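Worksheet: the structure to be examined is printed underneath.
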């Protein structure tokens with residue numbers, strides 16, 4: 001970039017202590033992806049583009065609607081029914097022609113997430129639904145990308161920096177391991193949101209991003225900040241990594257691509273537990289994988305029907321062994337098998353029927369003994 | 001023994017804004033007391049923080065400790 005333009009445009013931040021030309025160069029070399037060009041994404045994008053982030057990606061498959069304009073102030077009535085990503089890119093490019101803006105007017109899915117996210121250094125989550133949030137979190141964990149999280153509800157907002165390269169890095173699942181049930185938490189369309197609130201939270205996400213890139217200040221790494229717009233109360237809490245949550249994240253790209261996040265976040269029922277009678281019916285149906293999730297040396301040994309031995313601790317590595325359209329997990333008492341069924345339901349969604357044998361092999365053997373008497 | 005409870009987001013619609021619960025020894029008994037008093041709470045996921053630190057195991061509460069209950073937000 002022409003040095004005069006550089007100094008003119010960014011002079012006010014370059015004269016800052018600890019920022020300087022070095023800080024500006026870091027911003028110009030940075031690549032930031034903003035997912036969701038809505039209430040959070042718009043202000044984040046405006047400040048990031050103005051600050052001179054060298055490459056900005058914008059992902060959003062939605063179009064502008066009149067009800068968006070009270071908070072998504074990047075758009076005008078002339079943009080209604082046009083793609084947000086395209087409109088945002090055009091406005092930002094006008095405000096800063098020197099930077100590189102790439103718009104993806106498509107939905108982020110498990111199929112394209114790796115390809116898109118991998119090209120950027122820092123990812124900003126400005127989405128408006130849990131399915132996207134869990135998907136983005138898991139992709140960032142698998143790709144080792146820092147995630148600047150923001151979310152709003154009514155008059156309150158949350159900001160955090162997840163997965164910042166560090167051995168104790170915390171991710172969204174350490175905070176909320178599993179998505180809420182459908183209808184548990186209302187979204188903005190149902191619960192409402194004060195227009196200025198995502199403006200504040202999205203701007204904070206931009207601020208955290210700039211701090212992370214330039215190395216100034218103390219970004220909210222492994223911390224969650226909540227802001228209340230009604231009383232201006234700020235509450236910051238320290239998050240801790242939780243070893244158990246790692247098991248909830250797909251283990252690799254293939255497992256990620258097979259995860260059905262939409263289903264995961266709308267599921268209201270747990271995988272069904274079946275009784276011995278139904279289990280025996282399934283046994284005779286054929287197209288089924290029966291998996292014993294007990295440890296390999298546990299007794300009693302099952303000789304009565306065909307099954308695979310996949311201990312619960314090794315289930316995540318063995319999804320590929322399950323090739324039938326239905327799976328029944330069994331264990332001693334029905335407890336571990338229910339856990340296994342939950343894990344499988346999360347991975348296979350509606351593509352397979354998943355069951356857990358209630359009462360486990362103990363009850364099944366008891367019933368068998370009764371019938372033989 | 002008095003502990004302070006801060007409630008965030010839509011949880012305040014379930015628990016009310018000014019919740020006072022005294023004589024609670026630890027976070028597990030707090031949860032039990034809350035779930036007994038507000039059965040609807042069972043439908044919600046939330047994080048518990050004690051003195052601004054997320055807790056995932058039962059944690060002893062002492063005089064004037066502050067417990068925060070935070071639900072997830074999805075809006076953007």
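Per-residue shielding of A:193-201, expressed as the average number of other chain Cβ atoms within 10 Å of the residue Cβ, stands at 1.
A simple packing score, the average count of other Cβ atoms within 10 Å per residue, orders the peptides A:334-340, A:44-50 as A:44-50, A:334-340, with the highest score first. Contact order for the stretch B:25-70, expressed relative to its length and based on alpha carbon pairs under 8 Å spaced 6+ residues apart, stands at 44 percent.
Under the criterion of Cα pairs below 8 Å and six or more residues apart, the relative contact order for the stretch A:223-317 equals 18 percent.
Beta-bridge orientation, chain B: approximately 70 percent antiparallel, per DSSP, counting only bridges with both partners inside. How far, in degrees from 0 to 90, does helix A:196-214 lean away from the longest principal axis of the Cα atoms of chain A, to the nearest 10? Once rounded, the angle reads 90 degrees. At q = 0.11, 0.18, 0.22 Å⁻¹ the log10 of I(q)/I(0) for the stretch A:205-310 amounts to -0.72, -1.25, -1.31, computed by Debye summation with a single uniform scatterer per C-alpha, solvent ignored. Of the peptides A:235-246, A:88-99, the ranking by mean beta-carbon count within 10 Å, highest at the top, reads A:88-99, A:235-246. By the count of other C-beta atoms within 10 Å, a proxy for reagent exposure, A:287, A:262, A:103 are ordered fewest to most as A:287, A:262, A:103. Dividing the convex hull volume of the alpha-carbon atoms in the stretch A:125-171 by its residue count gives 62 Å³ per residue. Annotation: peptides A:21-27, A:52-58, A:193-199, B:39-45, ranked by per-residue average of other Cβ atoms within 10 Å with the highest first, follow the order A:52-58, A:193-199, A:21-27, B:39-45. Taking every DSSP bridge with both residues inside chain A, close to 35 percent are antiparallel.
The stretch A:82-241 gives an Rg/Rh value of 0.95, both radii derived from C-alpha positions and Rh following Kirkwood.
Can you give me the relative contact order of chain A as a percent, contacts being Cα pairs under 8 Å and 6 or more apart? Relative contact order comes out at 13 percent. Using just its DSSP H runs of length 4 or more, each adding -39500 (n - 2.57), chain A gives a mean residue ellipticity at 222 nm of -10500 deg cm²/dmol after division by all residues. Pairs of Cα atoms in the stretch B:2-70 fall into 5 Å distance bins, from 0 up to the last occupied one, in shares of 3, 17, 33, 30, 15, 2 percent.
Treating each Cα of the stretch A:1-153 as an identical point scatterer and summing with the Debye formula, the log10 of I(q)/I(0) at q = 0.13 Å⁻¹ comes to -0.60. Please give the helix A:20-29 orientation as an angle from the longest Cα principal axis of chain A, in degrees from 0 to 90, rounded to the nearest 10. Taking Cα atoms only, the helix is inclined about 50 degrees.
The ellipsoid equivalent to the alpha-carbon distribution of chain A has semi-axes of 48, 20, 18 angstrom, derived from the gyration tensor eigenvalues as √(5λ) and listed largest first. For the stretch A:67-108, evaluate the Debye formula with one uniform point scatterer on each Cα (no solvent term) and list log10 I(q)/I(0) at q = 0.23, 0.27, 0.32 Å⁻¹, rounded to two decimals. Cα-only, vacuum Debye calculation for the stretch A:67-108: -0.82, -1.01, -1.15.
For the stretch B:47-71 versus the stretch A:83-112, the inter-centroid distance based on Cα atoms is 41 Å.
Each of residue A:230 and residue A:306 was given a label point 7 Å from its Cα along the Cα-to-Cβ line. The distance between the two points is 6.2 nm. Can you give the percent of C-alpha pairs in the stretch A:238-373 whose distance is more than 21 Å? Cα-Cα pairs in the stretch A:238-373 separated by more than 21 Å: 42 percent. Shielding value for A:220-226 is 2, the average number of Cβ atoms from other chains within 10 Å of each residue's Cβ. Computed over chain A with a Gaussian network model linking Cα atoms closer than 10 Å, the most mobile of A:12, A:223, A:133 is A:12.
Distance from the C-alpha centroid of the stretch A:201-234 to that of the stretch A:279-299: 50 Å, rounded to the whole angstrom.
Between helix A:360-372 and chain A there is an angle of about 20 degrees, using the helix long axis and the longest principal axis of the Cα atoms.
A short reminder: the numbers here are calculations on the coordinates, not readings from a lab. Keep in mind the model is a prediction, meaning the values are calculated, not measured. With ideal geometry, Cβ positions are generated from the backbone for all residues, glycine too; neighbour counts draw on all protein chains shown.
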